[in-house]
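Worksheet: the structure to be examined is printed underneath.
The values are calculated or read from the model by the stated rules, or taken from the named source; none is laboratory data. Owing to the predicted nature of the structure, the values given are computational and were not obtained by experimental measurement. Using ideal geometry, Cβ is built from the backbone for each residue, glycine included, and neighbour counts are taken over all protein chains shown.
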Amino acid sequence: MSAGLFDKYSSLKRNYDSLMAASPRNPFGVVIECPLSATVGIIEGRETLLFGTNNYLGLSQSKMARDAAIHTAETMGVGTTGSRIANGTFGLHQKLEQALAGVFHKKHAMVFSTGYQANLGTISALVNKDDTLFLDADSHASIYDGARLSGAQVIRFRHNDPVDLEKRIARTDKTPGARLIIAEGIYSMTGNIAPLDKFVEVKKRHNVPLMVDEAHSFGVLGDHGRGVAEMQGCEKDIDFIVGTFSKSLGTVGGYCVTDHDEIDLMRLCSRPYMFTASLPPEIIAATLAALEEIKNRPELRQKLQDNAARLHHGFKSVGLNTSNFISPVIAVTLENIPQAITFWNALLDAGVYVNLSLPPATPDNRPLLRCSVMAAHSTEEIDQAVETFGVIAKKLNLV
Amino acid sequence: MTDSVADISHLILQKLLENPKVPRDISGDSRIVEDLAFDSLAVMNFVMEIEDTLDVSVPLDKLADIRTINDLAVCLHGIKAEQA
Ligand SMILES: Cc1ncc(COP(=O)(O)O)c(C=O)c1O
C-alpha cells in the first residue's frame, strides 16, 4: 500500500506535540489582535511591547504612507489582478523602479511582489544548472530556495568568512560555467553584519559577481540608509542588490537594483516575476512615501542606532549572551529548547513580545530569543524590556 | 595521492566519533539522517568539516542522493578525482 500524504510528518508531529506540551501557548500562533502604535499591540487582550517585528523605523504606521495608500486606493483601486508581463505594468511600478534606482545610484531596478520572490526571481534569472553559486552558510531560506529554483550547483561557505569563500572559489577557477557569490547585509536571526568590503576583495581577485541581500540593513545602516555596502564604502562593487519593502519600509514587496543593462532580459526569464500578480497600487504609493521619509528623516536612523546600542548594552549588563554586533536585530542565545520556551512565555506573560527561534532555523543548533529594535521605541520601553529580560533570566538561574 | 573510498570512509567515521552525541556503533553502512539523527543543517555543516580536510567542495545537490556514510565517501572520492 502506498504511504499517506502526511506519513512523512510523523517526526515533525512528535516534535510539535512535545513543544505544545511544554509551552502554555503556541509560539507559532501568536495573535497581535490590533497594533496600537508601532511599538505597542494588543496580545491576549493586554497591551504588549513589540520587540519582535522588522518595523525598524516604525514606518508601517507612517502617516505619509497611510495617506498615500488611501488616496491611491481611492483613485486607482486596490489591485492589479495580473502579472506585468502578461497583463501590463502600471505607471506606478515604473515610478517605484525609478525611485529605487535613484536611491541606490544604480541604473536599473526591478520590483517583485515580495522580498522572498525578489531573491527567487533574481537568483533564478542569473544562474542555471551549468553555473555555480557560493552562498553564505547562514543564508535566508529565500536564497536557498532561489538557488534550488535556478538549478545551479550550490557551494556553501562559512558564515561571514572571506578566507573560506576564497578557498572555495579558487577550487572552481577552472570550471566552465558562470559563478555568483551571494551574501546578506545584516543576518536576520543573529543581527550579524557581513564583511562585504572583504567579499568585494575576493570577488575582484577571482572575477566573480557579487549579489547582496540588504533586506534587514536598508534604511538602517549607512549614512543615507542604503545598507551595509554603503556603510563599508563598497556599493559600486556590488553587482546586484536585493531587498524588501517589508522591513524598514513597512509595506510589502521586493526589489533588485543593478547597473547591468540586461535587466529587461531578466524580466523575461524570471518565473517569480512573471507568473504572479504585480504589486497593488496602494502598496506602491505607500512604499514611495516611505522611501521619501527615509530620505528626509535621517534622525530616524540615528534614533534606531541609539536604541539598538541601548538594548544591546542593557542585555550585556544583565549578563545575557548576545552577538557582539550592535544592530537592530539582537538575539539572545540560550542553551536548550525547554529553557527558551519557558523564557519566551515568561516574557509574553510580562508584556514583552519577542520571536522564539528554534533549531534548525537557527545557525548553531541553539535556540534564540530574537529581538528587534525600532526607532519608535522610547528609552523607557527599552529599559522596561531589559529589566523584564533580567528578572526572568535571574529567576531561571541563567545569569 | 588520491585517498581511496575506504580511506575517506574511515576519515568520516573518525570525524563523526569526535562528536559525543553520535552513537558509538556506527559503520560505513550507517544512514546519516536515520541512524545518526542528523537534520539537514547538521548534515551540511558536517560535510563542510570533511571538505576542509580533503580540500574539496561538495555542491548541495550531490548531498540529496547520499544516505549512508559510504555513499558520502564515494561522492567525495568522485569529486576529488575530478578536481585532481
Ligand atoms: C534576508 C532576508 N531576505 C529576504 C526576506 C524575504 O522578505 P519578505 O518577507 O519581504 O518576503 C527576508 C525576510 O523574510 C529576509 O530576512
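A few notes on this one:
- Positions within the range B:43-61 being in a helix (DSSP H, G or I) and either more than 7 Å from every other protein chain (Cβ to nearest Cβ) or touching an Asp or Glu at 6+ places or on another chain (Cβ under 7 Å) (or both), in sequence order: B:Val43, B:Asn45, B:Phe46, B:Val47, B:Glu49, B:Ile50, B:Glu51, B:Asp52, B:Thr53, B:Leu54
- All positions within the range A:214-230 that are crowded, with 24+ Cβ neighbours inside 10 Å and either free of Cβ contacts under 8 Å to residues at least 12 places away in the same chain or not in a loop (DSSP other than H, G, I, E, B) (or both): A:Val228, A:Ala229
- For the range A:116-131, the criterion of being more than 22 Å from A:Thr276 (Cβ to Cβ) and among the aliphatic types (A, V, I, L, M) is satisfied by no residue at all.
- Taking the conditions (1) buried (at least 16 other Cβ atoms within 10 Å of the Cβ); (2) more than 14 Å from chain A (Cβ to nearest Cβ); (3) among the hydroxyl-bearing types (Ser, Thr, Tyr) in turn, B:Ser4 satisfies each one other than (1).
- Any hit, the range A:75-84, residues being surrounded by 19 or more Cβ atoms within 10 Å (Cβ to Cβ), in contact with a Gly (Cβ under 7 Å, 6 or more places away or on another chain) and of a type outside the set (Val, Ile, Thr): no
- Candidate set from the range A:242-267 (those that are more than 14 Å from A:Ser113 (Cα to Cα) and in a strand (DSSP E or B)); member that is farthest from the ligand (Cβ to nearest atom): A:Thr258
- Any hit, the range A:336-351, residues being more than 14 Å from chain B (Cβ to nearest Cβ), within 30 Å of A:His224 (Cα to Cα) and crowded, with 18+ Cβ neighbours inside 10 Å: no
- Filter pass, A:Leu165 being part of a helix (DSSP H, G or I), of a type in the set (A, V, I, L, M) and over 20 Å from the mean Cα position of the chain (by Cα): yes
- Some residue of the range A:170-177 being in contact (Cβ under 8 Å) with a residue 12 or more places away in the chain and within 12 Å of the ligand (Cβ to nearest atom): no
- The range A:272-292, subset under 18 Å from A:Leu149 (Cβ atoms) and within 16 Å of the ligand (Cβ to nearest atom), residue farthest from the chain's Cα centre (by Cα): A:Thr276
Table: residues versus (1) more than 15 Å from the ligand (Cβ to nearest atom); (2) within 14 Å of chain B (Cβ to nearest Cβ); (3) of a type in the set (Ser, Thr, Tyr); (4) in contact with a helix residue (DSSP H, G or I) (Cβ under 7 Å, 6 or more places away or on another chain).
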residue: A:Gly121; (1), (2), (3), (4): no, no, no, yes
residue: A:Lys129; (1), (2), (3), (4): yes, yes, no, no
residue: A:Asp136; (1), (2), (3), (4): no, yes, no, no
residue: A:Gly146; (1), (2), (3), (4): no, yes, no, yes
residue: A:Ser150; (1), (2), (3), (4): yes, yes, yes, yes
residue: A:Val163; (1), (2), (3), (4): yes, yes, no, no
residue: A:Glu166; (1), (2), (3), (4): yes, yes, no, yes
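- Unique match (being part of a loop (DSSP other than H, G, I, E, B) and either touching a Cys at 6+ places or on another chain (Cβ under 7 Å) or of a type outside the set (S, T, N, Q) (or both)) among A:Val208, A:Val200: A:Val208
- When A:Lys247, A:Lys203, A:Lys174 are screened for being surrounded by fewer than 22 Cβ atoms within 10 Å (Cβ to Cβ) and either in the same structural domain as A:Leu96 (by TED's automatic domain parsing) or under 19 Å from A:Leu96 (Cα atoms) (or both), only A:Lys174 passes.
- Applying the criterion of being assigned to a loop (DSSP other than H, G, I, E, B) and more than 15 Å from the ligand (Cβ to nearest atom) to the residues of the range A:178-197, the residue that is farthest from the other protein chains (Cβ to nearest Cβ) is A:Pro195.
Residue-wise test of (1) over 27 Å from A:Ile143 (Cα atoms); (2) more than 14 Å from chain B (Cβ to nearest Cβ); (3) away from the ligand (no atom under 16 Å from the Cβ); (4) at pLDDT 95 or above.
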site: A:Glu74; (1), (2), (3), (4): yes, yes, yes, yes
site: A:Val78; (1), (2), (3), (4): yes, yes, yes, yes
site: A:Gly82; (1), (2), (3), (4): no, yes, yes, yes
site: A:Gln94; (1), (2), (3), (4): no, yes, yes, yes
site: A:Leu100; (1), (2), (3), (4): no, yes, no, yes
site: A:Val103; (1), (2), (3), (4): no, yes, yes, yes
site: A:Lys107; (1), (2), (3), (4): no, yes, yes, yes
site: A:Ser113; (1), (2), (3), (4): no, yes, no, yes
site: A:Gln117; (1), (2), (3), (4): no, yes, no, yes
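- Taking residues in the range A:294-321 that are more than 20 Å from A:Leu59 (Cα to Cα), and partners anywhere that are at pLDDT below 95 and assigned to a loop (DSSP other than H, G, I, E, B), the pairs with Cβ atoms closer than 7 Å and at least 6 places apart or on different chains are A:Ala309/A:Ile326; A:His312/A:Ile326; A:Val318/A:Val399; A:Gly319/A:Val399; A:Leu320/A:Val399.
- Residues of the range A:318-357 classified as over 14 Å from A:Thr388 (Cβ atoms) and among the charged types (D, E, K, R), total: 1
- Selection within the range A:1-46: residues that are of a type in the set (Asp, Glu) and farther than 19 Å from A:Ala350 by Cα. The member of this set that is surrounded by the fewest Cβ atoms within 10 Å (Cβ to Cβ) is A:Asp7.
- In the range A:356-369 there is no residue matching the filter, namely being at positive phi, away from every other protein chain (no Cβ under 14 Å) and not in a helix (DSSP H, G or I).
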